[in-house]
Amino acid sequence: MESIGILMTKPMYSYLEQELANRFTLFRLWNYPSLRAFSESPHGASVRALVVNTGFTVDAAVINSLPKLEIIATYSVGFDKIDIQECRQSGIRVANTPDVLTDDVADHAVGLALAVLRRITQCDGYVRSGLWKRADFPLTTKFSGKAIGIVGLGRIGSAIAKRVEAFGCKVSYHSRSEKPETGYKYYPNILALASNSEILVISCSLTKETCHIVNRQVIDALGLKGVLINIGRGPHVDEAELVAALAEGRLGGAGLDVFENEPEVREELFGLENLVVTPHIGSDTVETSTKMADLVISNLEAHFLGKPLLTPVI
Ligand code: NAP
């Protein structure tokens, strides 16, 4: 497969880059001034696969600029930045990396909730700065036993539910469809779920229906003691409304791994005490990143050998 041209859009994980280079002819888009410059280079017409991650938008212009493109492999489970309709019309396959990252993202959601309620990041600063010698840290808020509302009871949402059950939490959820086999209470709308939750966790996929699914009404329904955790995608939350609610004390706190315009983050967020932020690292462990990379490569190899994709989106 050494002669097959693969275009990688940005450095993601050195192991993935190395393994792709070992097997294919790898082009690195970051070595070119633009996609246009690459597509007009002698290599533009040789690329049969594109490897992307969550930071790269694949639209008709991208697809049209790579005339031999057959498959897009995203190093992520979410494929909200890929125009699936356009790919379908152009006969381009799309593969993602589900399941292998579920545990890490669920772990991180629980970690964020614990960090917000038990103020772990503030405690860390308190010890390091020597403040502990002057006074004990103020009391924090209990996590065990809280009512947790999960928006999107898919692979990751279900793994979060399993984890928080072990903390004695009561789980409810909102998804497109009810899942009676889970035994958790289903709310057909997010507003009712937020009204009945102390912690609302966003783990649904990003579509036009779920963009700003967390709006002012939902934030106010969660209320002054409520905590919002977002490990889905930034645009799920109306961030301007979230900032206002946190600043005005209408929401108890938030833990965010994802942002509306990442990696740009609103500076107003930085001054908020009742907030824990992480740089979209839900699945970023060595163990999981290696499995995701292997899955990207296995999907590409399957495609070029004429075999079924392991984890097809389309
Ligand atoms: P999944 O198994 O496909 O689950 C997606 C869930 O979203 C499903 O429960 C689905 O409901 C729900 N959903 C879709 N449209 C909805 C709507 N209009 N209203 C309410 N719920 C809706 O995907 P997953 O593997 O759990 O991943 C979920 C998302 O997590 C990904 O799409 C990605 O954006 C995000 N993610 C983030 C990180 C990170 O690093 N922070 C890492 C991995 C993934 P039904 O069950 O009813 O269909």
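The values are calculated or read from the model by the stated rules, or taken from the named source; none is laboratory data. What you are looking at is a predicted structure, and each value in this text was computed from that prediction instead of being measured. Neighbour counts are summed over all protein chains in view; Cβ atoms, including those assigned to glycine, are modelled from backbone coordinates with ideal geometry. What goes into the accessible areas is simple: the full protein's heavy atoms, side chains included, and nothing from ligands, DNA or RNA. Shrake-Rupley method; radii C 1.70, N 1.55, O 1.52, S 1.80 Å.
Among the residues of segment 121-154 satisfying the criterion of being outside any loop (DSSP other than H, G, I, E, B) and touching a residue at least 60 places away in the same chain (Cβ under 8 Å), which is farthest from Lys81 (Cα to Cα)?
Once the filter is applied, the top-ranked residue is Gln122.
Filter segment 51-102 for residues that are closer than 21 Å to Leu26 by Cβ, over 18 Å from the mean Cα position of the chain (by Cα) and of a type outside the set (A, V, I, L, M, F, W, C) and give the result.
Ser65, Pro67, Lys68, Glu70, Arg93
Restricting the search to segment 198-214, which residues are of a type in the set (A, V, I, L, M, F, W, C) and more than 6 Å from the ligand (Cβ to nearest atom)?
Listed by number, the residues that qualify are Ile199, Leu200, Val201, Ile202, Cys211, Ile213, Val214.
So Arg250 ticks every box in (1) over 21 Å from Lys162 (Cα atoms); (2) open to solvent by 10 Å² or more (accessible area, probe 1.4 Å); (3) not in a loop (DSSP other than H, G, I, E, B) but one. Which box is left unticked?
(3)
Restricted to segment 150-191, and to residues that are open to solvent by 30 Å² or more (accessible area, probe 1.4 Å) and away from the ligand (no atom under 13 Å from the Cβ), which residue is farthest from Ala113 (Cα to Cα)?
Per the criteria, the residue is Gly183.
Within segment 13-35, can one find any residue that is in contact (Cβ under 8 Å) with a residue 24 or more places away in the chain, within 14 Å of the ligand (Cβ to nearest atom) and either surrounded by fewer than 21 Cβ atoms within 10 Å (Cβ to Cβ) or farther than 29 Å from Ala159 by Cα (or both)?
Yes: one or more hits.
Go through segment 71-97 and give me each residue that's within 12 Å of the ligand (Cβ to nearest atom) and either open to solvent by 50 Å² or more (accessible area, probe 1.4 Å) or of a type in the set (Phe, Trp, Tyr) (or both). Don't jump to the end; show me each part of the working.
At the first step, the residues of segment 71-97 found to be within 12 Å of the ligand (Cβ to nearest atom) are 74-82, 96-97.
Passing the criteria: Tyr75, Phe79, Asp80, Lys81.
Quick one: Lys225 ticks every box in (1) in contact with an Asp or Glu (Cβ under 8 Å, 6 or more places away or on another chain); (2) open to solvent by less than 40 Å² (accessible area, probe 1.4 Å) bar one, so which box is it?
Lys225 satisfies all of (1) in contact with an Asp or Glu (Cβ under 8 Å, 6 or more places away or on another chain); (2) open to solvent by less than 40 Å² (accessible area, probe 1.4 Å) except (2).
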